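What follows is a set of notes on a single structure, which appears directly below.
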């Protein structure tokens, strides 16, 4: 029982702490905690279908026939699969709710789903490879998942408030960017082309990119005026954004 408690603590607590950290970044119209928790749990559950889809490719990852095939498998068999299911967790639980009412909400919910996915994944890795692996993954890999999900969430947060014709392309673009980055990250790890220090640098850069997207989304919040944050001229209501207003879009994750 003590071993299971340690396993869960090492795997889950870092993810929950990261959720709280990013939840506090939503400074204008904070989301209901129950919905953030719902996205976290939905993301955690998505590891089951993602694992089933990835299962046929395990042989490619353990014994790749060539580096190009491994790269393609990493992008489409890991990156796209996992980012799609994390996206689906947000889409099916909170995207259509009235509480999803500003661009940053897409990031908050997607990051929470990504951290839920990472937490469940960390349980499996820690159980297989030991608590020390769980500690490292809880601190670093959780943030990596959050960063990739944040890219998708940023595009979802913008897509909800633009003309309907732009919604799908924006979300697809976010998924593609996140999938490529996710797959490339895993490819570099699996081939041993990244050592610990380079991995740490990549994680820091991904985190910086996520913070930048949060700031951009907050700047576009329609609630900035009500709290004295300045003019909210990017968005004037649901789907009120024009084309010219669109902002910039044991080891694997």
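Would you check if there is a residue in region 121-133 being surrounded by 18 or more Cβ atoms within 10 Å (Cβ to Cβ), modelled with pLDDT under 90 and within 21 Å of residue 151 (Cα to Cα)?
Scanning region 121-133 turns up at least one residue that is surrounded by 18 or more Cβ atoms within 10 Å (Cβ to Cβ), modelled with pLDDT under 90 and within 21 Å of residue 151 (Cα to Cα).
Could we say that residue 155 is modelled with pLDDT of 90 or more, part of a helix (DSSP H, G or I) and crowded, with 17+ Cβ neighbours inside 10 Å here?
In short, yes.
If you check residue 12 against the conditions, is it in a helix (DSSP H, G or I), modelled with pLDDT of 95 or more and surrounded by 16 or more Cβ atoms within 10 Å (Cβ to Cβ)?
no
Given the options 41, 81, name the one that is surrounded by fewer than 20 Cβ atoms within 10 Å (Cβ to Cβ), part of a helix (DSSP H, G or I) and out of contact with any strand residue (DSSP E or B) (no Cβ under 9 Å at 6 or more places or on another chain).
So the residue among 41, 81 that is surrounded by fewer than 20 Cβ atoms within 10 Å (Cβ to Cβ), part of a helix (DSSP H, G or I) and out of contact with any strand residue (DSSP E or B) (no Cβ under 9 Å at 6 or more places or on another chain) is 41.
The values are calculated or read from the model by the stated rules, or taken from the named source; none is laboratory data. Computed from a predicted structure; not experimentally measured. As a convention, Cβ positions derive from the backbone with ideal geometry for all residues, glycine included, and neighbour counts pool all protein chains shown.
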